[in-house]
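Worksheet: the structure to be examined is printed underneath.
Just so you know, all these numbers are worked out from the coordinates, no wet-lab data involved. All of these numbers come straight from a predicted model, not from anything done at the bench. Using ideal geometry, Cβ is built from the backbone for each residue, glycine included, and neighbour counts are taken over all protein chains shown.
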Amino acid sequence: MTTGIVFDIREFAVHDGPGIRTTVFLKGCPLHCSWCHNPEGQSSVPQVISGAGASRVAGVEYTAQALAAILNRQVAVLQANEGGVTFSGGEPLRQANFVAEVIDLLEEIHILLDTSGYGSESAMNLLLARVSMVFFDLKLIDREAHRHFTGCDNDCILRNLAVLGKSGVPFVVRVPLVPGVTDTDANLAAVAETVRGLTGLLRVDLLPYNKAAGGKYRAAGMEFKPCFDEARPLNINTGIFKKANLEVHVL
Amino acid sequence: MNERIGQMKARVRAGEHRALRRKITVDVLSECEEEGLSWPWRAARLIRRQCEAEQVVIDPREKIVFTRTLPAVIPPIYKPEDWARLTAGRTLHELGPISNICADWGLVLSQGLLGRKSAAMAALQRFAGDKAAVEFLECAVETIDAVLALAARYAVAARRMGRPDLADILERTPAHAPRSFHAALQALRLLHAVVWLGGHYHVGLGRLDQYLWPYLKADLDSGRLDVPAAEELLAEFFIALNKDSDLYPGVQQGDNGQTITLGGVTRAGRDAVNDLTHMVLRVSRDLAMIDPKINLRITPQTDLDLLGLAAELTRKGLGFPQYSNDEVVIPGLVAHGYSLEDARDYAVAACWEFLIPGRGMDVVNIGAVSLPFAVDAGIRGGLAAGAGFDAILKITADDIARQVKILAEAYAQLLLPPAPYYSVLMTGCIERGQDLAQGAVYNNFGIHGAGAANAADALAAVKRLVFDEQRIPPNELLAALDADYAGHAELRRLLADQAPKVGNNDDQADRYLTALFDFLADACEHYGRTNRGGILRPGTGSAMYYVWLVRGHPNMREPVVGATAEGRKKGEMLSANLAPAPGAGVRGPISALQSFAKINYRRVCNGGPITMELSDTVFRDPESIRKVAMLVRAFAQIGCQQLQLNSLNVATLRDAQAHPEQHKNLIVRVWGWSGYFCELGPEYQEHIVARHLYACES
Ligand code: SF4
């Protein structure tokens with residue numbers, strides 16, 4: 001019996017894919033993005049979140065059966081409303097066996113994988129065989145910059161992107177726009193260049209950095225020390241993508 | 001919204017028209033005493049004198065006229081000592097006068113007041129020997145004449161001011177059936193305003209998209225009116241409804257019951273949605289004012305375009321439309337003795353209660369059963385006696401029955417004052433020769449089952465932690481409750497965090513939610529017929545009881561509850577209507593809807609919405625708004641009864657508390673109605689800020 005650690009299950013997640021969806025947030029992420037707005041998703045063990053007055057534990061261990069049972073209770077509603085289940089994180093590839101087992105236990109439903117792409121090729125293939133759509137986060141194309149801002153290099157991310165491109169699964173590339181980091185013309189052009197021509201690519205979503213990102217850190221007993229200038233205005237250059245004949249949305 | 005309408009709205013919000021209010025007191029009492037008038041005649045005389053005392057106000061910028069110039073206080077028609085004698089030993093509903101029902105506006109418009117008068121004349125002949133009937137009918141005619149005289153004065157003034165458009169309308173209506181949409185709105189404005197002048201309140205507007213549609217359709221078909229012009233007239237009518245909100249009585253300002261019910265099916269069962277349904281939603285969205293409050297009747301098949309339009313209205317943060325699901329409501333009403341045709345014709349009262357326009361003299365809110373109090377009695381009684389869990393449920397059910405009986409007995413003495421004018425506006429009062437106060441077709445009483453989620457959570461917590469897992473010894477729980485959890489923080493945390501909660505589609509908690517409402521329905525059924533020949537309708541609303549039941553209120557019949565076993569401390573508020581208990585962890589709206597869908601609504605038909613707050617970030621883009629529409633459709637698909645959906649930005653609310661002067665126009669839904677946030681009492685503001693946010697940000 002496979003178990004996994006989930007730090008949240010959120011219903012009616014309107015920005016996590018088509019229709020009415022329920023999103024499962026898997027705990028644990030190998031990256032440490034300087035702008036991460038889900039700090040409680042990074043560590044792979046349960047941790048105490050203390051807000052104003054109350055505290056709660058983020059991170060519940062579920063068996064695949066138990067999680068699938070919760071989700072199956074609402075599959076009919078999601079199905080009837082053009083939606084489904086999204087697996088996000090943290091990084092779901094990290095718990096790929098668990099996620100795959102949950103999916104296998106689910107009734108027929110649209111599944112979306114929301115991933116940073118960081119994981120083994122086999123994990124990627126395990127999930128690609130089971131999902132209907134992928135949201136693939138692409139942050140920085142430059143290897144050194146990636147290492148600097150996320151703590152990891154991007155070799156496996158780019159490799160998994162290529163795997164995704166060949167899989168035939170429809171996907172959206174999502175670029176978090178972080179001021180002075182990912183929103184530079186050079187990086188955006190490199191992203192456009194990287195994704196152009198991949199089969200299955202539906203569009204590129206740009207996600208402007210949200211200043212509230214730091215809000216959760218203290219509650220999670222962590223320190224928010226962004227190594228970029230939060231106040232700097234964003235460069236939301238959609239033109240680069242349009243020029244490359246890519247559909248682009250700003251969320 | 002064009003410039004003229006924008007300016008009109010601004011003038012009303014600024015309260016310019018209030019300068020026209022006169023500080024006079026109309027003396028009706030003296031002549032009543034001198035002439036030794038009967039009660040019905042005094043009621044009729046009140047309407048007569050109020051209409052006469054109204055000063056004609058015709059603002060050259062207005063196309064629909066009537067501005068109230070009389071103050072809020074309704075002149076007395078009895079001396080205090082006589083009033084005391086008249087009402088001794090009797091129960092008055094709230095302030096006394098008939099309130100919170102809905103007239104048959106369609107009937108009155110189509111017959112005209114003269115049509116109603118002919119009906120009264122014919123009835124006078126039929127009832128010639130019946131003194132009471134004759135008196136009632138003569139009083140009814142008196143009020144008709146009073147309203148016609150008021151309209152005539154407006155008509156003369158309009159003619160004199162060079163407003164032939166208005167004069168033509170007012171010379172003809174409301175005496176006769178309107179010949180245009182404009183005339184219908186003008187007639188409705190006048191007829192409706194006079195109800196308020198008679199001391200009635202929560203004056204519902206019913207199925208406006210049904211009864212006004214024939215007039216609008218005729219105008220559109222003939223080309224006399226185009227859609228923008230029709231919208232402008234409708235907007236002006238809506239603005240007019242906002243003029244006097246501050247004069248109307250209610251628990252909090254804004255609680256004035258000027259509701260409209262849209263959509264649904266016709267009396268024959270056909271789809272009733274028409275172009276006016278859409279127009280009302282559009283105009284209400286563009287105006288963004290608290291009146292009229294909109295209800296939308298839907299089914300699982302309602303198309304997403306209409307629901308999307310409604311979601312755009314929700315986005316405005318007004319707290320409406322409120323939705324009701326015909327597939328659940330209509331069978332519920334039929335099961336409670338309403339004819340199928342009448343049930344299909346339902347409208348929504350001031351908050352959420354279902355009633356039949358023209359035919360319902362239901363008193364939809366005779367009080368609340370405190371479900372948390374009943375459960376507390378069960379838990380304390382059961383545990384103290386060392387009894388099992390079944391005994392706790394039994395004591396709970398008995399206490400619910402006890403509370404129902406107290407409310408019903410109090411209302412066995414109900415005294416409704418004569419209402420000759422309101423009777424004119426109802427279906428069949430004139431024809432039966434009987435004042436509305438004597439009853440209409442339906443004369444049922446509604447009872448709220450308040451605090452349901454808290455109560456069910458308390459039972460679920462005790463079942464799991466005291467009985468199943470035996471992690472809490474009974475004595476310790478009793479001691480903790482008595483101490484209001486002082487010195488029992490750990491135990492309180494256990495109850496709050498380690499037990500199933502309503503709102504997660506978890507049968508471990510939801511089974512008690514359904515059981516509590518079944519107990520309530522049992523108690524209502526067991527009580528049987530009331531003195532007025534009606535039944536008791538159990539409901540799921542809470543109104544202001546989510547505050548009153550924990551903090552108390554003068555002259556309240558309901559009991560106050562202290563600390564409760566779901567981990568709630570004394571004085572902390574309960575959930576409003578159907579919502580997870582404040583502070584209970586829930587995953588979001590789907591599970592919550594699934595939890596509340598388990599209630600047996602065929603037995604629980606008084607109304608009372610599932611209440612949900614969505615973060616306003618959900619409404620950022622058209623795609624998300626469409627998802628809100630789908631969520632509403634899901635509410636109907638899952639089989640819930642009623643839904644109140646709000647768009648809320650907590651930061652804005654906090655800022656409004658700190659800087660009220662900068663947020664004068666901030667509107668929020670309170671319990672069954674919407675009002676200006678800054679005009680609410682602090683405890684109500686707090687509850688709104690603390691309500692469950694189904695946050696959906698990515
Ligand atoms: S990949 Fe996502 S979850 Fe992981 S650290 Fe970066 S932003 Fe946070």
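With a/c under 1.5 counting as rounded, go ahead and sort chain A into rounded, prolate or oblate using the C-alpha gyration tensor (a ≥ b ≥ c being the square roots of the eigenvalues; past the cut-off, prolate if a/b is larger than b/c, else oblate). Oblate.
With R₀ set to 41 Å, the beta-carbon distance separating residue B:79 from residue B:247 gives a calculated FRET efficiency near 0.95. Can you work out the FRET efficiency for the pair residue A:142 and residue A:230, with r the C-beta to C-beta distance and R0 = 25 Å, to the nearest 0.05? Given R0 = 25 Å and the Cβ-Cβ separation, E is 0.75. Only bridges with both residues in the protein assembly as shown count here: give the DSSP antiparallel percent, nearest 5. Of all bridge pairs located within the protein assembly as shown, approximately 30 percent are antiparallel. The lysines within cross-link reach of residue A:243, meaning a Cα-to-Cα straight distance under 21 Å and a gap of 8 or more places when in the same chain, are A:139. Footprinting exposure proxy ranking of B:529, B:492, B:603, fewest other C-beta atoms within 10 angstrom first, gives B:529, B:603, B:492. If only the Cβ of Lys and Arg carry +1 and only the Cβ of Asp and Glu carry -1, the dipole of the stretch A:3-250 around its Cα centre is close to 280 debye.
For chain B, the antiparallel share of DSSP beta bridges with both residues in that region comes to about 25%. Whole-Hz Karplus values for the stretch B:305-319 come out as 5, 5, 5, x, 4, 5, 5, 5, 5, 4, 4, 5, x, 7, x Hz, taken residue by residue from phi with 6.51 cos²θ - 1.76 cosθ + 1.60 and θ = phi - 60°; glycine and proline positions read x. Among B:90, B:344, B:21, a tally of other beta-carbon atoms within 10 Å of each Cβ gives an order, fewest to most, of B:90, B:21, B:344. The stretch between residue B:339 and residue B:33, if pulled fully straight at 0.36 nm per residue, gains 105.8 nm over its current Cα-Cα span.
Remark on chain A: A:29, A:152, A:156, A:227 stand apart, with no other cysteine beta carbon under 4.7 Å. Compactness of the stretch B:7-101 was expressed as the Cα radius of gyration divided by 2.2 N^0.38 Å, which yields 1.37. The Cα atoms of the stretch B:45-131 give a gyration tensor whose axes a ≥ b ≥ c have a/c of 1.5 or more with a/b no greater than b/c, which makes the shape oblate. Cβ-Cβ distance of residue B:221 and residue B:132, R₀ of 56 Å, FRET efficiency by 1/(1 + (r/R0)^6): the value works out to about 0.75. Charges were assigned to the Cβ only: +1 to each Lys and Arg, -1 to each Asp and Glu. The resulting dipole of the stretch A:136-178 about its Cα centre is roughly 140 debye. Per residue of A:1-14, other chain Cβ atoms within 10 Å of the residue Cβ number 5 on average. Between residue B:658 and residue B:52, the distance separating the two model label sites (each 7 Å from Cα on the Cα→Cβ line) works out to 5.7 nm. Partner shielding of B:590-600 amounts to 3, given as the average count of beta-carbon atoms from other chains within 10 Å of each residue beta-carbon. The stretch A:98-175 and the stretch B:503-535 have Cα centres spaced 50 Å apart. Report the percentage of all Cα-Cα pairs in the stretch B:156-227 whose separation exceeds 13 Å, rounded to a whole percent. It works out to 69 percent of all Cα pairs. Between residue A:72 and residue B:72, the simple spin-label model (points 7 angstrom out along Cα→Cβ) gives 5.9 nm. Taking the longest Cα principal axis of chain B as reference, the axis of helix B:452-461 is set at about 10 degrees.
Gain on full extension, evaluated as 0.36 nm per residue between residue B:476 and residue B:275 minus their Cα-Cα distance, stands at 66.1 nm. In a reduced charge model with +1 at each Lys and Arg Cβ and -1 at each Asp and Glu Cβ, the protein assembly as shown shows a dipole moment near 1000 debye about its Cα centre.
Remark: relative contact order (chain B) = 16 percent; criterion is Cα-Cα distance under 8 angstrom and separation of 6 or more residues. Per residue, chain B reaches -15000 deg cm²/dmol at 222 nm when only DSSP H runs of four or more residues are counted, each adding -39500 (n - 2.57). Karplus-based coupling profile of the stretch A:16-25, in residue order and whole Hz: 10, x, x, x, 7, 10, 10, 10, 9, 9, with θ = phi - 60° in 6.51 cos²θ - 1.76 cosθ + 1.60 and x standing for Gly or Pro.
Selection among B:546, B:299, B:10 by position relative to the dipole of chain B gives B:10 as farthest towards the positive end (Cβ unit charges, Cα centre). Projecting the Cα atoms of B:321, A:100, A:67 onto the charge dipole of the protein assembly as shown (Cβ charges, centred on the Cα centre) puts B:321 farthest toward the positive pole.
Averaged over peptide A:71-78, the number of partner chain Cβ atoms lying within 10 Å of each residue's Cβ comes to 4.
Scalar couplings 3J(HN,Hα) for the stretch B:50-61, obtained by applying the Karplus form with A = 6.51, B = -1.76, C = 1.60 to θ = phi - 60°, are 5, 4, 5, 6, 5, 8, 6, 10, 10, 7, x, 8 Hz; x denotes Gly and Pro.
When the stretch A:3-250 is described by a simple charge dipole with +1 on each Lys and Arg Cβ and -1 on each Asp and Glu Cβ, the residue from A:201, A:145, A:128 located farthest towards its positive end is A:145.
In plain terms, the residue of B:79, B:501, B:117 with the fewest other Cβ atoms within 10 Å comes first and the most crowded comes last, giving B:79, B:117, B:501.
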